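Novice: This structure is in structure tokens; I'll ask about it shortly.
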Amino acid sequence: MLTSLSNAFGLAGSGVALAVGFMTTTSVILRAVWDMPIPGDVEITQVGIALAISLCLPVCQLRRANILVDFFTQRCKGRTRQMLDGAGCWLLVVMYGLLAWRTAVGAASVKQAGETTMILSVPMWWAYASLAPGLALAALIALIQGWKMLSGMLPPDDNNEPGAFR
């Protein structure tokens with residue numbers, strides 16, 4: 001279920017990024033040819049790319065495709081590296097959890113303040129609130145991965161291959 005949900009989030013995030021790319025290209029062409037850009041194109045780009053990133057985080061975490069700096073651990077045995085990776089997953093749980101919580105709190109605060117975007121007057125809380133689900137799902141996936149790694153439910157990964165969530 002988490003695999004399907006994170007894949008759906010990733011597809012949605014990819015679709016948002018693609019739509020923002022098309023909108024930006026169209027706006028640049030309209031600006032260059034007719035001196036009429038799409039109103040609020042920068043606002044849409046900022047919110048859209050933030051949303052796309054947050055929606056793609058769960059599938060990235062699921063595949064263990066985050067950037068790793070393994071300079072100090074590359075010579076470790078599989079089980080030692082797995083324990084360190086499990087601890088790293090739990091650190092990501094803390095980070096993702098804090099980000100999800102604070103974006104949700106920020107959304108409520110911005111909603112209460114009634115803030116809107118400068119050009120389009122779109123409520124800003126929408127942008128904040130849209131980030132929390134992706135961050136929360138990434139936290140849940142990292143929690144499960146960390147638990148499986150630290151409990152030995154996953155075989156040691158000597159090849160550093162992604163996909164150890166299965």
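Novice: Are there any pairs with C-beta distances below 7 angstrom linking a residue in the stretch 111-123 that is on the phi < 0 side of the Ramachandran plot and surrounded by 12 or more Cβ atoms within 10 Å (Cβ to Cβ) to a residue that is of a type in the set (A, V, I, L, M, F, W, C) and not in a loop (DSSP other than H, G, I, E, B), with the two at least 6 apart or on different chains, and if so which?
Specialist: These pairs meet every condition: K111/W125; E115/M124; T116/M124; T117/M124.
Novice: Right, next: Scan the stretch 118-154 residue by residue and report those that are β-branched (V, I, T) and under 19 Å from G40 (Cβ atoms). Full working, then the answer.
Specialist: Here is the first cut: in the stretch 118-154, the residues β-branched (V, I, T) are 119, 122, 141, 144.
Within the stretch 118-154, I119, V122 meet the criteria.
Novice: Does the stretch 62-73 contain at least one residue that is part of a helix (DSSP H, G or I), surrounded by 13 or more Cβ atoms within 10 Å (Cβ to Cβ) and touching a residue at least 60 places away in the same chain (Cβ under 8 Å)?
Specialist: Yes, the stretch 62-73 contains at least one residue that is part of a helix (DSSP H, G or I), surrounded by 13 or more Cβ atoms within 10 Å (Cβ to Cβ) and touching a residue at least 60 places away in the same chain (Cβ under 8 Å).
Residue-wise test of (1) modelled with pLDDT under 95; (2) more than 23 Å from P133 (Cβ to Cβ); (3) out of contact with any strand residue (DSSP E or B) (no Cβ under 9 Å at 6 or more places or on another chain); (4) part of a loop (DSSP other than H, G, I, E, B).
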| position | (1), (2), (3), (4) |
| --- | --- |
| R75 | yes, yes, yes, yes |
| T80 | yes, yes, yes, no |
| M83 | yes, yes, yes, no |
| A87 | yes, yes, yes, no |
| L91 | no, no, yes, no |
| Y96 | no, no, yes, no |
| A100 | no, no, yes, no |
| K111 | no, no, no, no |
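Yes/no per residue for (1) among the charged types (D, E, K, R); (2) assigned to a helix (DSSP H, G or I); (3) under 15 Å from the mean Cα position of the chain (by Cα):
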residue	(1), (2), (3)
S4	no, yes, no
A8	no, yes, yes
L11	no, yes, yes
V28	no, yes, no
P39	no, no, no
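Novice: Let me ask something additional. Which residue, of G86, G13, G48, is within 17 Å of Q145 (Cβ to Cβ), surrounded by 13 or more Cβ atoms within 10 Å (Cβ to Cβ), touching a residue at least 24 places away in the same chain (Cβ under 8 Å) and of a type in the set (G, A, S)?
Specialist: After ruling out the rest, the residue left standing is G86.
Novice: Take P58 and decide whether it is more than 28 Å from W147 (Cβ to Cβ) and not aliphatic (A, V, I, L, M).
Specialist: In short, no.
Novice: A further question on this structure: Would you check if P39 is surrounded by 15 or more Cβ atoms within 10 Å (Cβ to Cβ) and in contact (Cβ under 8 Å) with a residue 60 or more places away in the chain?
Specialist: no
The values are calculated or read from the model by the stated rules, or taken from the named source; none is laboratory data. Predicted model, so just to flag it, every value in this text is computed and none were measured. Neighbour counts run over all protein chains shown; Cβ positions are idealised from the backbone, glycine included.
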